[in-house]
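Student: Please read through the structure below; I'll follow up with questions.
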Amino acid sequence: MCGIVGYIGDKQAYPILINGLKRLEYRGYDSAGISILNKTTLKVFKKKGKVSDLDDYASKQDTKGTIGIGHTRWATHGEPNDINAHPHISMNGHFILIHNGIIENYSRLKEKLTDRGYKFVSETDTEVLANLIEYIYLKGKVTAEIAVRLALSKVVGAYGLAIICKGEPDKLIAARKGSPLVIGVGEGEYYIASDATPIVEHTKSVIYLNDDDVAILSRDGLNLKTIKNDSLTPKIQKVDLDIGEIEKNGFDHFMMKEIFEQPRSIFDTFRGRVSLEKMEIHLGGLYSVLPKLVEAKRIIIIGCGTSWHAGLVGEYLIEELARIPVEVEYASEFRYRNPIIYPDDIIIAISQSGETADTLAAIKLAKQAGATVLGICNVVGSSIPRETHAGVYTHAGPEIGVASTKAFTAQVTVLAMMAIALGHERKVLDKKDYEELIQELYAIPDKIEKILKSNNSFLKVSKKYKDATNFLYLGRGSLFPVALEGALKLKEISYIHAEGYPAAEMKHGPIALIDEKMPVVVIATKDKSYEKIVSNIQEVKARKGIVIAIVSEGDTIIKKLADHVLEIPETRDELAALLAVIPLQILSYHIAVLRNCNVDQPRNLAKSVTVE
Ligand code: M6R
């Protein structure tokens, strides 16, 4: 949530900052702002709305200067407007800062500062921090760096910060606790950003800040320390991110580009890990914990949103193929309900961004209880892989569309690899099943390629139901989480109310909703529940509901019953989720576009949810 970008060097800061904000807009998009320091003149441009609105406004003005900060906001404190937009300037104009995160004790700090004569113009917690830093700076007659460190020691909450002090015009200060920050290292120049996407077009050398780190950047070098003033040695890493990966490459939206990338992203996820020649699965990231995993009495999977849905597919896969009991929990519930965690439990945290606040907090809780915590993450260098004992990256590449698509299939691919490998190690799977599963996993990218060729038929169906006000999604077994995922995709980008249900549960309540206006998307591939799901379709039709069925290629029975059938290739039941989700992603995409919704940046949402 919220995108941060900063620059100090010899180049003009404005083009770097505005382009950086465009790259980061997926993190928050209700308002944006930029501040530039030119010698001792500080300029601030802020606008409610998109980064393009800010650019229209600021680019007509004098934006000269070689040091600056920029922010794109997802509102927490105060509605999105020009005043609440970042950057925030301190009352006497000494400090200007941008912030991602939440200052939890801001009202107490605000009261104290008000008692000392401070006045506030915005409703934000960030302005309180700007004034606190300034108060310490003026009262204590200390340097900007000391004022920042002392102020941060009084703050409860999470922050990623970029700060300019007008009195020290050749410095940029960055600090992190709980909200990600990356420093890009150039020749006599530094970049700051919430993630590497705005940096890679300038430099591939980056430093990921850890919690409680403060970086003082000048054109002559970087000084890294902790809030408590202990010196740190910066660890410069090469970021493996290509500029093409963060552009639309001819697609109208990132979401569609990412849907179409799935054959490649799934392949990249198992490439080097699954070998057809050796008929083996090798997950290097789990090597150190493999004996514990094989002996595990229980696995608990945690995640939020789409990642939680992937976890539900994982439950089915691990229980079915490896016979280890699995529980799946929303990270947000797990962390607050005093869960029973045993030291020999294995916790698997799933997250695309690796920054989701609830998932991070749940990981910390599980670690305190002595459990082994593994991560399945997409963003390399993000917080979750660093907080977990071991894990597997998904290698799906950057996912920019707020609606998660390729991250989901990559997460399920990792869980499938884990389940097959564990099933083999635990001797639950015989040789034939083990090898067949490996071969079938290898065949998934081509099968998805085939589904993508039916894009036009998906568009036709979407046109028919774009004005529906409700949708029901039904599935059984591992396809029930796919029904949930289909419903989530539709509601988050098209704002149509949608619910996912296990097909057999329909008759326990949701069936009351069915009438001739209700589209019911039924995932009805040829698996062991096929007969049952055919009965469910008949139940919907008996009540005049509209059935859109996702069926296996060549199905003739459901074709006679359903209003529309969307075919997908056959695969083993255990891997069907990887195929069945594709038509649902595409249906949601088309419906949202036909309703003129902003599919990449749906209202009220942001890509990575770094607040509770
Ligand atoms: O980055 P994470 O996977 O931890 O994010 C979890 C959810 O916020 C995320 O999956 C969200 O539900 C997506 N917008 C769904 O498309």
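Student: Residue by residue through segment 367-393, note down the ones that are in contact (Cβ under 8 Å) with a residue 40 or more places away in the chain, within 14 Å of the ligand (Cβ to nearest atom) and part of a helix (DSSP H, G or I).
Tutor: The answer is SER383, and nothing else.
Student: Ok, one more. Give the residue, chosen from ALA58, ALA75, ALA32, ALA13, that is over 24 Å from PRO169 (Cα atoms) and of a type in the set (Gly, Ala, Ser). Walk me through how you get there before you give the answer.
Tutor: Working: ALA58 fails: over 24 Å from PRO169 (Cα atoms); ALA32 fails: over 24 Å from PRO169 (Cα atoms); ALA13 fails: over 24 Å from PRO169 (Cα atoms).
Unique residue meeting the criteria: ALA75.
Student: List the number of the failed condition for ALA403; all other conditions in (1) more than 16 Å from the ligand (Cβ to nearest atom); (2) under 15 Å from GLN585 (Cβ atoms); (3) among the small types (Gly, Ala, Ser) hold.
Tutor: Condition not satisfied by ALA403: (1).
Student: Within segment 420-433, is there a residue that is buried (at least 22 other Cβ atoms within 10 Å of the Cβ), over 20 Å from THR571 (Cα atoms) and of a type in the set (A, V, I, L, M, F, W, C)?
Tutor: yes
Student: For ARG298, are the conditions met, namely being of a type in the set (D, E, K, R), more than 26 Å from PHE480 (Cβ to Cβ) and away from the ligand (no atom under 16 Å from the Cβ)?
Tutor: Working: of a type in the set (D, E, K, R): yes; more than 26 Å from PHE480 (Cβ to Cβ): no; away from the ligand (no atom under 16 Å from the Cβ): yes.
It is false that ARG298 is of a type in the set (D, E, K, R), more than 26 Å from PHE480 (Cβ to Cβ) and away from the ligand (no atom under 16 Å from the Cβ).
Student: Which residues, counting only those in segment 183-198, are of a type in the set (Val, Ile, Thr) and modelled with pLDDT of 95 or more?
Tutor: Within segment 183-198, ILE183, VAL185, ILE192 qualify.
Student: Sticking with this structure for a sec: Of all the residues that make up segment 354-373, how many are closer than 22 Å to ASP195 by Cα and in contact with a strand residue (DSSP E or B) (Cβ under 6 Å, 6 or more places away or on another chain)?
Tutor: Within segment 354-373, residues that are closer than 22 Å to ASP195 by Cα and in contact with a strand residue (DSSP E or B) (Cβ under 6 Å, 6 or more places away or on another chain) number 3.
Student: Condition (residue is among the small types (Gly, Ala, Ser), in contact with a Leu (Cβ under 7 Å, 6 or more places away or on another chain) and buried (at least 23 other Cβ atoms within 10 Å of the Cβ)) applied to segment 563-578: is it met by at least one residue?
Tutor: Step one: of segment 563-578, the residues among the small types (Gly, Ala, Ser) are 576-577.
Filter once more, keeping what is in contact with a Leu (Cβ under 7 Å, 6 or more places away or on another chain): 576-577.
Restricting the remaining residues to those that are buried (at least 23 other Cβ atoms within 10 Å of the Cβ) gives 576-577.
Yes, segment 563-578 has at least one match.
Student: Taking strands (runs of 3 or more DSSP E) that fall entirely within segment 15-121, which contain at least 2 residues that are in contact with a His (Cβ under 8 Å, 6 or more places away or on another chain) and at pLDDT 90 or above?
Tutor: The strands (runs of 3 or more DSSP E) meeting that bar are 31-38, 95-100.
Student: Taking ALA396 as the residue in question, decide whether it is away from the ligand (no atom under 15 Å from the Cβ), of a type in the set (A, V, I, L, M) and surrounded by 24 or more Cβ atoms within 10 Å (Cβ to Cβ).
Tutor: no
Student: Which numbered condition trips up ILE350, out of (1) assigned to a loop (DSSP other than H, G, I, E, B); (2) within 9 Å of the ligand (Cβ to nearest atom)?
Tutor: (1)
Student: Under 7 Å between Cβ atoms, at least 6 apart or on separate chains: pull out the pairs that start in segment 234-248 with a residue that is over 20 Å from ALA174 (Cβ atoms) and end on any residue that is in a helix (DSSP H, G or I) and not basic (Lys, Arg).
Tutor: Pairs that qualify, where the first residue is over 20 Å from ALA174 (Cβ atoms) and the partner is in a helix (DSSP H, G or I) and not basic (Lys, Arg), are LYS248/PHE254.
Student: Right, another one. Considering only segment 241-277, how many residues are closer than 19 Å to THR197 by Cα and among the basic types (Lys, Arg)?
Tutor: Selection size over segment 241-277: 2.
Student: While we're looking at this one, here's another question. Can you tell me which of (1) closer than 15 Å to VAL461 by Cα; (2) outside any loop (DSSP other than H, G, I, E, B) is the one LYS517 doesn't meet?
Tutor: LYS517 satisfies every listed condition except (2).
Student: Is at least one residue of segment 434-453 assigned to a helix (DSSP H, G or I), surrounded by fewer than 16 Cβ atoms within 10 Å (Cβ to Cβ) and without any contact (Cβ under 8 Å) to a residue 24 or more places away in the chain?
Tutor: No; the residues of segment 434-453 include none that is assigned to a helix (DSSP H, G or I), surrounded by fewer than 16 Cβ atoms within 10 Å (Cβ to Cβ) and without any contact (Cβ under 8 Å) to a residue 24 or more places away in the chain.
Student: Then there's this: Which members of segment 148-181 meet the condition of being free of Cβ contacts under 8 Å to residues at least 40 places away in the same chain and in contact with a Gly (Cβ under 9 Å, 6 or more places away or on another chain)?
Tutor: First pass over segment 148-181, keeping only residues free of Cβ contacts under 8 Å to residues at least 40 places away in the same chain: 150-151, 168, 176.
Once the filter is applied, which keeps residues that are free of Cβ contacts under 8 Å to residues at least 40 places away in the same chain and in contact with a Gly (Cβ under 9 Å, 6 or more places away or on another chain), segment 148-181 yields LEU150, ARG176.
Student: Here's something else I'd like to know. Quick one: in segment 342-359, of everything that is of a type in the set (A, V, I, L, M, F, W, C) and at pLDDT 95 or above, which residue is farthest from the chain's Cα centre (by Cα)? Full working, then the answer.
Tutor: Filtering segment 342-359 down to residues of a type in the set (A, V, I, L, M, F, W, C) leaves 346-350, 357.
Next cut, at pLDDT 95 or above only: 346-350.
Values: ILE346: 23, ILE347: 19, ILE348: 16, ALA349: 13, ILE350: 10 Å.
Result: ILE346.
Student: Scan segment 243-263 residue by residue and report those that are under 30 Å from ILE281 (Cβ atoms) and at pLDDT 95 or above.
Tutor: LYS257, GLU258, ILE259, PHE260, GLU261, GLN262, PRO263
Student: Sticking with this one: Tally time: how many residues in segment 484-533 are of a type in the set (A, V, I, L, M) and without any contact (Cβ under 8 Å) to a residue 40 or more places away in the chain?
Tutor: Within segment 484-533, residues that are of a type in the set (A, V, I, L, M) and without any contact (Cβ under 8 Å) to a residue 40 or more places away in the chain number 8.
Student: Also, quick follow-up: Tell me, please, whether a residue that is small (Gly, Ala, Ser), in contact with a strand residue (DSSP E or B) (Cβ under 6 Å, 6 or more places away or on another chain), surrounded by 22 or more Cβ atoms within 10 Å (Cβ to Cβ) and in a strand (DSSP E or B) can be found in segment 478-492. Full working, then the answer.
Tutor: The initial filter retains those residues of segment 478-492 that are small (Gly, Ala, Ser), namely 478, 483, 486-487.
With in contact with a strand residue (DSSP E or B) (Cβ under 6 Å, 6 or more places away or on another chain) added as a condition, the list becomes 483, 486-487.
If we keep only those that are surrounded by 22 or more Cβ atoms within 10 Å (Cβ to Cβ) as well, we get 483, 486-487.
Still in the list and also in a strand (DSSP E or B): none.
The answer is no; no qualifying residue exists.
Student: Separate question: Looking for whichever is buried (at least 24 other Cβ atoms within 10 Å of the Cβ) and over 22 Å from GLU25 (Cα atoms) here; the options are ILE133, ILE98, ILE163, ILE146. Which one fits?
Tutor: ILE133
Student: Next question. With respect to the numbered conditions (1) in a helix (DSSP H, G or I); (2) away from the ligand (no atom under 16 Å from the Cβ); (3) in contact (Cβ under 8 Å) with a residue 40 or more places away in the chain, which one is the sole condition not fulfilled by ASP252?
Tutor: Only one criterion is unmet by ASP252, namely (1).
Student: Right, another one. Scan segment 122-147 for residues that are hydroxyl-bearing (Ser, Thr, Tyr), assigned to a helix (DSSP H, G or I) and over 25 Å from LYS39 (Cα atoms) and report the count.
Tutor: Selection size over segment 122-147: 0.
Student: Name the single residue that is surrounded by the fewest Cβ atoms within 10 Å (Cβ to Cβ) among those in segment 265-282 being farther than 13 Å from LEU441 by Cβ and out of contact with any helix residue (DSSP H, G or I) (no Cβ under 7 Å at 6 or more places or on another chain). Working first, answer last.
Tutor: Narrowing segment 265-282 to residues farther than 13 Å from LEU441 by Cβ: 265, 268, 272, 277-278, 282.
From the residues that got through so far, the ones that are out of contact with any helix residue (DSSP H, G or I) (no Cβ under 7 Å at 6 or more places or on another chain) too are 268, 272, 277-278, 282.
Working: ASP268: 19, GLY272: 10, GLU277: 5, LYS278: 9, HIS282: 13.
That would be GLU277.
Student: So ALA366 clears everything in (1) under 24 Å from ILE246 (Cα atoms); (2) small (Gly, Ala, Ser); (3) in contact with an Asp or Glu (Cβ under 8 Å, 6 or more places away or on another chain) except one condition, right? Which one?
Tutor: (1)
Student: Could you pull out the residue among ASP195, ASP82, ASP170, ASP115 that is among the acidic types (Asp, Glu) and buried (at least 24 other Cβ atoms within 10 Å of the Cβ)?
Tutor: After ruling out the rest, the residue left standing is ASP195.
Student: So GLN538 clears everything in (1) surrounded by 22 or more Cβ atoms within 10 Å (Cβ to Cβ); (2) free of Cβ contacts under 8 Å to residues at least 60 places away in the same chain except one condition, right? Which one?
Tutor: Condition not satisfied by GLN538: (1).
Student: Oh, and also: Applying the selection to segment 313-334, what residues are within 13 Å of the ligand (Cβ to nearest atom) and assigned to a helix (DSSP H, G or I)? First the steps, then the outcome.
Tutor: We begin by selecting, within segment 313-334, every residue within 13 Å of the ligand (Cβ to nearest atom); these are 330-332.
Once the filter is applied, which keeps residues that are within 13 Å of the ligand (Cβ to nearest atom) and assigned to a helix (DSSP H, G or I), segment 313-334 yields ALA331, SER332.
The values are calculated or read from the model by the stated rules, or taken from the named source; none is laboratory data. Since the model is a prediction, treat every value here as computed from it, not as a measurement. Here the Cβ is made from the backbone with ideal geometry for all residues, glycine too, and neighbour counts use every protein chain on show.
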